[in-house]
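Written below as structure tokens is the structure these notes are about.
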Amino acid sequence: MTAVIDRPTSHRAAPIPPGAPRPRRLGGGRALSIVGVNGLLVLGAVYMVLPLLWLVFAATKDAGALYSGDAFTFGSHFLANMQHLLQKDGGIFLRWLANSVLYAGVGAIVGGFISLMAGYAFDKFEFRGKRPLYAAVLVGVLIPNTATVIPLYLLAASAGLTNTIWAVLIPTLCNPFSVYLARVFSAGYLPAETLEAARVDGAGPVRSFLQVGLPMLVPGFVTIALFQFVGIWNNFMLPLIMLQNRELFPSSVGIALWQSQVQQNPEFATLVIAGSFVSIVPLVIAFVMLQRFWRAGLSAGSVK
Amino acid sequence: MTTPAFAKRRALRKTIPGTGGRAASVFLIPFFVLFAVTMIAPVIYAVSLSLFAEKRSGLGFGGATIEFVGLGNYVQVLSDRTFTDGFGRLAVYCILYVPALLAVALVLALLLDATVAYAKRAFQLLLFLPHAVPGVIAALVWAYLYTPGVSPIVKALESGGIAIDFLSAQLVLPSMVNIAVWEWAGYNVIILFTALQALPREILEAARVDGAGEIRTALSIKTPLVWPAIGVALLFTVIGSLQLFTEPKILSSATTAVTSTWVPNMWAYDAAFTRNDLPQAAAASIILALLAGLMSWVVTRFTSKELTR
């Protein structure tokens, strides 16, 4: 490491000896690359944002304007659309949103905590069978959810649990990838010395986790809970399969149900668009506000 | 550059002394109970269910009996044209989607990492936004953006003299790839950008001193160095593509080009809920899970050991 420190930190500042090749990008070339790089980035950002902008504009239109007018102009039916959305079928959309909040909220907090405990134990404890148990967690990460959804449905059906909130809630509490993340966070945020000190002071393993470990792992917990919240909110196949009762649907399944009726009745299109608009606004706000956490989660998941 | 002896001491200090299996079990039991109930038990149940079939005698009178048929359901599922066609579509989807996604994500990440890029944080947020959109809604919005009469894209192309039906039988698969790229590119941009930012600056400066331009550095130095991160992204992309269900399910209400058995997951769904053939649905799910395990193994074997380390 010392060799690196001794070298000048910036070669741009170092004088270029005569006869040495000059750095290429200078003057006009540099201006060109500034325009090129940022232009391409703007293009990428436009591709990502335009469909969302379309949705914002579409939410302000009635069915007629949706199929005729310019896509990127405001209509005058935003409030009417919202009113229609909230009143349709006795306000069932609010019920669907509340269900989404329930499934994603409980799944994120309870499931996140369960994963945090397991990841903490894998990082900080030494016990027999640790390697095979952790290998099982990794296999769980690598098996796609949808491959186990139908087996899960078959089992739940034989236990008489389908069409209950438990059929959607219980599976979301188990997330192997969160255990993996929790182990990474525990290794990164929590020095074993701190826990050792707690132990010397006479705290048992549960107390030292709750009073010493947990407060230091809060950023990791928020990150894990955020990812679980979004994952569960976005989940479609599991609730679609488990639930028949409309009252129990989360918003994704409810909106898809409405979409399947658009062909018979085009009026449903405005409901689908208004509902889509309302159900992404909280998520977009959450992502903008919690940037620090999802960045941490993504980097922990890729490079250790 | 720590010495081996120091590294070993660090490794020992990592865990807390005096904490054995009993303490660990308090922390591990909740997760592993759930793991057993929601992942292991369903798979075991599905395997056992898939080995039996409902047989009706003669003309269907006298009720049905459950018979052990061994691998009969698997043979039937694998010899069903609609199922194998679905796998063919899934394979084409993977071949289009995986390189497209990784290329888009890598190019955007390298652009973000370029020294001349402005407003990096704002760009990261904008590129990541689609990931905040639920898959159902992403598919719905794009379904409208593909529908003639509603879509500004179709209108713009028409005014330029190009008539394209994004929902036709030939184009619906690439259209679906576009939806998935839109949803997942930003996520992978952040992963790759984080890896790029973690590269040792002295290597990049050495390249600059040697006269390498930005593009040359990006392609010959940065890209090979972030290969482990690309490997992880590749792994999750492959697993994700096998899950394909939401997008075709939503598009099937917008176009007749997407049938109810379009991909293996939809085939299994159709078997369970339309044809009421639970054993075949179970067999199809097990085939899919086995394939996922196999592909994960292949990808981790040949790209990186980051995750399994």
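Bear in mind that the values in this text are calculations on the coordinates, not laboratory data. This one's a predicted model, so the numbers in the text were calculated from it and none came from an experiment. Reconstructed Cβ throughout: ideal geometry from the backbone, glycine too, with neighbour counts over all protein chains shown.
Taking R0 as 41 Å, what FRET efficiency do you get between B:Ala206 and A:Trp166 from their Cβ-Cβ distance, rounded to the nearest 0.05? Write down the numbers at each step before the final one.
Values: r = 59 Å, r/R0 = 1.43.
Efficiency, from the Cβ-Cβ distance: 0.10.
R0 = 60 Å: FRET efficiency of B:Thr259 with A:Val218, Cβ-based, nearest 0.05? Approximately 0.80, to the nearest 0.05. Put a dot 7 Å past the Cα of B:Leu78, heading toward its Cβ, do the same for B:Ile164, and the two dots end up 3.9 nm apart. Taking amide H as placed 1.01 Å from N in the peptide plane, B:Phe52 has its amide H under 5 Å from the amide H of B:Val69, each at least 5 places away in sequence or on another chain.
Pairs of alpha-carbon atoms within less than 8 angstrom and 6+ residues apart define the contacts here; what relative contact order does the range B:72-308 have, in percent? Normalised by residue count, the contact order of the range B:72-308 is 30 percent. Separation of the range A:78-149 from the range A:233-268 is 19 Å, based on Cα centroids. If R0 is taken as 51 Å, the Cβ-Cβ distance between A:Glu196 and A:Glu247 corresponds to a FRET efficiency of 0.50. The HN-Hα couplings worked out from phi for the range B:212-219 by the Karplus form 6.51 cos²θ - 1.76 cosθ + 1.60 (θ = phi - 60°) are 6, x, 4, 5, 4, 4, 4, 7 Hz, whole numbers, x standing for Gly and Pro. Summed over qualifying helices (DSSP H, 4 residues or more, each -39500 (n - 2.57)) and divided by its residue number, chain B shows a 222 nm mean residue ellipticity of -21000 deg cm²/dmol.
Taking label positions 7 Å along the Cα-Cβ direction at both B:Thr274 and A:Val56, the computed distance is 3.9 nm, reported to one decimal. Legend: residue pairs A:Lys130/B:Lys222; A:Lys61/A:Lys88; B:Lys55/B:Lys249; B:Lys120/B:Lys222, Cα-Cα distance threshold 27 Å; pairs beyond threshold, A:Lys130/B:Lys222; B:Lys55/B:Lys249. With N counted as the residues of the range B:72-308, its alpha-carbon radius of gyration over 2.2 N^0.38 Å works out to 1.18.
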